[in-house]
């Protein structure tokens with residue numbers, strides 16, 4: 001799931017300086033689950049902004065709202081009156097939810113109350129770790145279900161590099177070398193020989209080599225959509241050592 | 001090439017003739033003055049079969065390896081161009097390789113590159129469009145098929161002697177040999193290893209290499225870093241990724257320095273002396289290990305010691321090779 005953290009209060013306060021009626025809008029899905037977008041966090045953020053504003057002699061009003069998913073227009077429609085009553089929105093969603101507001105409410109300023117961190121999981125309470133970079137061409141069938149693009153500091157396809165020592169990555173003693181984990185896991189799975197094959201040069205078109213990405217599910221449509229991004233096609237490596 | 005060589009460089013000829021090869025590292029300056037590179041080239045050219053020009057080593061910005069190689073050519077030294085995957089994508093790397101070949105560079109070393117975290121621009125974004133094994137594949141394709149990664153043809157000749165690095169002291173230990181095999185399969189002609197201080201561990205690794213028959217498929221040059229102070233040994237032990245310096249080495253250097261007492265000059269002299277002694281021992285020991293076809297000296301900031309060390313190691317004069 002998408003993980004996020006709050007932006008600094010002072011920074012948010014600067015953003016909303018020109019506005020007098022500010023809606024703090026949360027999202028119950030990803031950011032709600034990682035405890036930066038739910039009802040409680042919205043209430044706390046609004047209270048803190050209110051306090052800071054009063055302390056500075058301001059007279060802003062802060063309203064609060066939470067939608068099920070900020071990234072879906074139907075849910076935003078449900079909060080339309082709340083949004084339209086404000087003159088700016090501080091979003092406690094991820095970057096997708098924030099932009100959904102910007103797209104759906106063309107005249108409404110929207111400001112990020114969160115920094116979108118990564119796609120990850122929470123291995124233990126209070127710890128959030130990256131697991132996926134959404135590169136568009138999953139290769140973990142060859143790496144024991146563990147992703148070296150997301151979890152190797154050098155995104156190596158044929159690791160480990162020479163900096164892997166005692167199971168740790170060269171960038172930090174706190175970070176396990178994902179390639180050590182891959183080797184260990186392939187050994188346990190009896191698939192170590194798979195790692196003898198060279199993973200060839202990658203087609204990055206599914207990642208960031210084309211600009212903003214889109215894909216179409218034709219089974220869900222009767223007419224072609226109005227495109228706003230480059231449509232991804234199944235990966236077909238051209239030339240090179242694939 | 002028509003003469004049967006891949007690039008016909010001096011390094012390739014020495015190794016092809018079954019002679020013990022010697023390479024050394026030349027670190028380019030953090031600036032624009034060409035003289036330090038030329039001077040190092042002048043001093044080392046007759047002592048070494050090729051001189052590695054590092055590519056922004058430890059992620060510190062320096063004069064680029066391509067220019068460094070060109071400067072070495074100017075003084076008649078044989079360059080070996082290091083290329084890391086950290087800073088350039090496939091377009092830039094292939095372009096640099098074309099440029100290097102056009103300037104007469106024939107030896108290349110394919111590396112992942114130290115993480116930018118260690119360098120002087122830790123906030124930089126890294127590239128890693130391709131990894132070091134894919135870089136070897138790229139150079140091999142450029143040489144043998146005369147094609148770019150995209151499949152388009154390259155005009156002109158593309159002679160290249162392709163090298164790679166391997167670190168026998170990194171983990172997982174057993175898998176390092178598998179990774180070496182992958183590098184050979186990708187097209188590596190020679191290997192320069194990370195610095196060897198733990199000779200028994202290196203020998204164990206070499207045995208695994210030989211058991212797999214890999215020593216017959218690639219030339220392995222053992223890496224040696226001459227050290228001159230206990231501080232440098234300690235620094236490498238704690239701060240240089242991938243280098244394993246046993247405590248005994250640090251202690252040994254410290255004990256030698258201590259003989260100088262409070263006299264700083266004397267201390268440094270004893271340190272240098274011990275460092276050279278240690279280097280000579282290491283060279284002698286790795287020479288005896290089956291499958292080792294040469295040494296690669298990385299005397300970072302102490303390049304002037306290299307000819308003297310090689311002389312004492314009995315590796316000079318370098319054997320003659322046929323011209324052309």
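The values are calculated or read from the model by the stated rules, or taken from the named source; none is laboratory data. The model shown is predicted, which means the values in this text are computed figures rather than measured ones. Don't worry about glycine lacking a Cβ; one is built from the backbone with ideal geometry, like all the others, and counts go over all protein chains shown.
Across region A:154-197, the number of residues qualifying as surrounded by fewer than 20 Cβ atoms within 10 Å (Cβ to Cβ), facing another protein chain (nearest Cβ under 7 Å), on the phi < 0 side of the Ramachandran plot and assigned to a loop (DSSP other than H, G, I, E, B) comes to 1. If the condition is being more than 11 Å from every other protein chain (Cβ to nearest Cβ) and either exposed (fewer than 14 other Cβ atoms within 10 Å of the Cβ) or without any contact (Cβ under 8 Å) to a residue 12 or more places away in the chain (or both), then region B:105-123 contributes B:120, B:121, B:123. More than 8 Å from chain A (Cβ to nearest Cβ), crowded, with 20+ Cβ neighbours inside 10 Å and touching a residue at least 60 places away in the same chain (Cβ under 8 Å): is that true of residue B:143 in this structure? So residue B:143 fits the description; yes.
Just one of (1) buried (at least 19 other Cβ atoms within 10 Å of the Cβ); (2) part of a loop (DSSP other than H, G, I, E, B) fails for residue A:150. It is (2). The residues on offer are A:113, A:120, A:95, and the sole one that is in contact (Cβ under 8 Å) with a residue 12 or more places away in the chain and surrounded by 20 or more Cβ atoms within 10 Å (Cβ to Cβ) is A:113.
When the test is whether a residue is without any contact (Cβ under 8 Å) to a residue 12 or more places away in the chain and in a helix (DSSP H, G or I), residue B:254 does not pass it. Against the list (1) in a loop (DSSP other than H, G, I, E, B); (2) surrounded by fewer than 24 Cβ atoms within 10 Å (Cβ to Cβ); (3) in contact with a helix residue (DSSP H, G or I) (Cβ under 8 Å, 6 or more places away or on another chain); (4) at the interface with chain A (Cβ under 7 Å from one of its Cβ atoms), the condition residue B:151 fails is (3).
Among the residues making up region A:57-86, those that are touching a strand residue (DSSP E or B) at 6+ places or on another chain (Cβ under 9 Å) and free of Cβ contacts under 8 Å to residues at least 40 places away in the same chain are A:75, A:76, A:78.
Looking at this structure, is residue B:72 more than 14 Å from every other protein chain (Cβ to nearest Cβ), in contact (Cβ under 8 Å) with a residue 12 or more places away in the chain, surrounded by 20 or more Cβ atoms within 10 Å (Cβ to Cβ) and more than 19 Å from residue B:194 (Cα to Cα)? Yes; evaluated as a whole, the condition is true for this residue.
Return the total of residues in region B:171-193 being closer than 21 Å to residue B:225 by Cβ and crowded, with 24+ Cβ neighbours inside 10 Å. Please lay out each step first, then the result.
So in region B:171-193, the residues closer than 21 Å to residue B:225 by Cβ come out as B:171, B:173, B:176, B:180, B:190-193.
Then drop every residue that is not crowded, with 24+ Cβ neighbours inside 10 Å, which leaves B:180, B:190-193.
Here the count works out to 5.
Of all the criteria given as (1) without any contact (Cβ under 8 Å) to a residue 12 or more places away in the chain; (2) not in a helix (DSSP H, G or I), the one not satisfied by residue B:265 is (2). One residue alone among B:159, B:168 is touching a helix residue (DSSP H, G or I) at 6+ places or on another chain (Cβ under 8 Å), in a loop (DSSP other than H, G, I, E, B) and crowded, with 24+ Cβ neighbours inside 10 Å, and that residue is B:168. Would you confirm whether or not region A:16-24 contains a residue that is in contact with a helix residue (DSSP H, G or I) (Cβ under 8 Å, 6 or more places away or on another chain), at pLDDT 95 or above, farther than 17 Å from residue A:115 by Cβ and surrounded by fewer than 19 Cβ atoms within 10 Å (Cβ to Cβ)? Yes, region A:16-24 has at least one match. Would you confirm, using the coordinates I've provided, whether residue B:199 is modelled with pLDDT of 95 or more and under 27 Å from residue B:163 (Cα atoms)? The answer is yes for residue B:199. Every condition in (1) under 20 Å from the mean Cα position of the chain (by Cα); (2) within 13 Å of chain A (Cβ to nearest Cβ); (3) assigned to a loop (DSSP other than H, G, I, E, B) holds for residue B:127 except the one numbered (1).
Is it the case, given these coordinates, that residue B:17 is in contact (Cβ under 8 Å) with a residue 24 or more places away in the chain and in contact with a helix residue (DSSP H, G or I) (Cβ under 9 Å, 6 or more places away or on another chain)? Considered against the rule, which asks whether it is in contact (Cβ under 8 Å) with a residue 24 or more places away in the chain and in contact with a helix residue (DSSP H, G or I) (Cβ under 9 Å, 6 or more places away or on another chain), residue B:17 comes out as no.
Within region B:156-182, residues that are more than 14 Å from every other protein chain (Cβ to nearest Cβ) reach partners that are at pLDDT below 95 and surrounded by fewer than 22 Cβ atoms within 10 Å (Cβ to Cβ) with beta carbons closer than 9 Å, at six or more positions or on different chains, in the pairs B:157/B:1; B:159/B:1.
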